[in-house]
Amino acid sequence: MRFWPVVLVLPLVAAGAEKDDLAARAARIHREAIVVDTHQDVPDALAEKWADIAVRGATKHFDIPRAKEGGLTAPFFAAYVPASYASGGAARVALDRIDMVYRIVATHPADLMGAASVAEIRRAKREGKIAILMGIEGGHAIEDSLGALRDFHRLGVRYLTLTHTSSHHWADSSGNFFAPRFEPEKYRVHQGLNAFGRTVVREMNRIGMMVDVSHVSDETIDDVLETSRAPVFASHSSCRALASLPRNLTDDHIRRIAGKGGVVMINVSSVFVDQAMVDAARAALDALQEPAERIRKQFEADPKRVQAEIGKLIEALPSRPPVPFTRVVDHIEHVIKLAGPDAVGLGTDFDGIPDPPAGLEDVSKLPRITEELLRRGHSEEQVRKVLGENFLRFFSKVEDVSRSLAAEPPATEALP
């Protein structure tokens, strides 16, 4: 009998050692890996409340100290353009956000470097800096101008999210699910891309700008996959099979995006990764339909005021507890099961979401994804792919396609 405590303690010691070993492996892999996040709304957060990103807490989810803790190599800062500017002024908003990114990088040269290519991302890793890249969220930002599209590319923008929450002159959106009255049919303007939209996609291929299908309708994804000569990606979308949002991707689209060499970058919002959260959000928003309709009638001559007042209603809704961060890993694994280990990465939507999951509250917590993937039995190679190598392979292919099209003249078609 005198030996029984040893018998009980040994398994506990072994379990503790195994956990420590896993944590150590995860820390090493994450430290060595290139970690890419293809969508952060840092510029929009700073436009609302300016702060020095060298100071902890500069935004809800990002600053340089927390990015270093999270091992982040290459975030894409989104130049988000609200749909309310689609009728005019959208390009200026995008330019203001781009200028902000340039100012941020210039102010912190010891920690940050501007980047616009795979080679520059890898150089940032070697030099121990954070590579800041840019995408534009909302195709209305080009104001139907191929010249503006090319100018944004010259400024360093490397992807365009074709729509945001509204359809515009050449592409259909999946719509704004997070509105008191969600009517999917009203977003079906073109049944996908129109002829000019296809020209935009082909011109993006030519200049080397990645085509982002987050926020677009299912029909638009179909048209993009048919039109694009380069692989395409979703910069911040999760899996509809696990959380039935129109913003999330169907299994069919995940397979087809991967089949063309593209990647699906998983959004970490609690409502994007958990069906119970989707259902609760829809019920709460539906209850706002009557007060929202009164606001629409009261301010019908001022669409921006309507948007602001309805936004206040939505912000006043009680928050729900966040889901565990392991739900995010469930979505990563779903893509892997559907389309293989080369098809998935991270597009957190930090600073654009109000509900990051518990355990993944900001960029400093990204190593937890690495540890959880290892805990579930994924190899070191697979983990490195998810963290960044899958995206870099895709981005490199987009660059290759652009080089192969270098002899083509710039597109000149105008919107009819």
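The values are calculated or read from the model by the stated rules, or taken from the named source; none is laboratory data. The shown structure was predicted, so the numbers you read here are calculated from the model rather than taken from an experiment. For neighbour counting, all protein chains shown are included, and Cβ atoms are generated from backbone atoms with ideal geometry for every residue, glycine included.
One table, with the values for the structure above:
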quantity: Which listed residue, of 231, 184, is under 27 Å from residue 306 (Cβ atoms), in contact (Cβ under 8 Å) with a residue 12 or more places away in the chain and of a type outside the set (A, V, I, L, M, F, W, C); calculated: 184
quantity: Residue count, segment 246-268 (criterion: surrounded by fewer than 24 Cβ atoms within 10 Å (Cβ to Cβ) and of a type in the set (A, V, I, L, M, F, W, C)); calculated: 1
quantity: Pairs where the first residue, in segment 123-151, is under 17 Å from residue 89 (Cβ atoms) and the second is surrounded by fewer than 19 Cβ atoms within 10 Å (Cβ to Cβ) and at pLDDT 95 or above, C-beta under 7 Å, 6+ apart; calculated: 142/148; 144/169
quantity: Yes/no for residue 278 being in contact with an Asp or Glu (Cβ under 8 Å, 6 or more places away or on another chain), assigned to a helix (DSSP H, G or I), β-branched (Val, Ile, Thr) and surrounded by 18 or more Cβ atoms within 10 Å (Cβ to Cβ); calculated: no
quantity: Helices (runs of 4 or more DSSP H) contained entirely in segment 305-385, each with at least 2 residues that are touching a strand residue (DSSP E or B) at 6+ places or on another chain (Cβ under 9 Å) and of a type in the set (A, V, I, L, M, F, W, C); calculated: 326-339
quantity: Filtered residue count, segment 232-257, keeping only those that are closer than 13 Å to residue 331 by Cα and either of a type in the set (Ser, Thr, Tyr) or part of a helix (DSSP H, G or I) (or both); calculated: 6
quantity: Inter-residue pairs, beta-carbon under 6 Å, first touching a residue at least 40 places away in the same chain (Cβ under 8 Å) and crowded, with 24+ Cβ neighbours inside 10 Å and in segment 69-90, second assigned to a loop (DSSP other than H, G, I, E, B) and among the small types (Gly, Ala, Ser), 6+ apart; calculated: 81/138
quantity: Test: residue in segment 258-271 that is more than 24 Å from residue 342 (Cα to Cα), assigned to a loop (DSSP other than H, G, I, E, B) and of a type in the set (A, V, I, L, M, F, W, C); calculated: no
quantity: Any hit, segment 172-180, residues being of a type in the set (Gly, Ala, Ser), within 18 Å of residue 347 (Cβ to Cβ) and modelled with pLDDT of 95 or more; calculated: yes
quantity: Single condition residue 367 does not satisfy, out of (1) of a type outside the set (A, V, I, L, M); (2) at negative phi; (3) surrounded by fewer than 19 Cβ atoms within 10 Å (Cβ to Cβ); (4) in contact (Cβ under 8 Å) with a residue 60 or more places away in the chain; calculated: (3)
quantity: Number of the condition not met by residue 229 [criteria: (1) in a loop (DSSP other than H, G, I, E, B); (2) crowded, with 18+ Cβ neighbours inside 10 Å]; calculated: (2)
quantity: Segment 376-416, subset surrounded by 15 or more Cβ atoms within 10 Å (Cβ to Cβ) and farther than 27 Å from residue 117 by Cβ, residue nearest to the chain's Cα centre (by Cα); calculated: 378
quantity: Top-ranked residue in segment 1-27 [being among the acidic types (Asp, Glu) and under 12 Å from residue 371 (Cα atoms); ranked as modelled with the highest pLDDT]; calculated: 21
quantity: Residue satisfying condition, being at pLDDT 95 or above and touching a strand residue (DSSP E or B) at 6+ places or on another chain (Cβ under 6 Å), within set 61, 108, 30; calculated: 61
quantity: Answer residue from segment 292-310, given it is free of Cβ contacts under 8 Å to residues at least 24 places away in the same chain and exposed (fewer than 13 other Cβ atoms within 10 Å of the Cβ) and is farthest from residue 85 (Cα to Cα) among those; calculated: 294
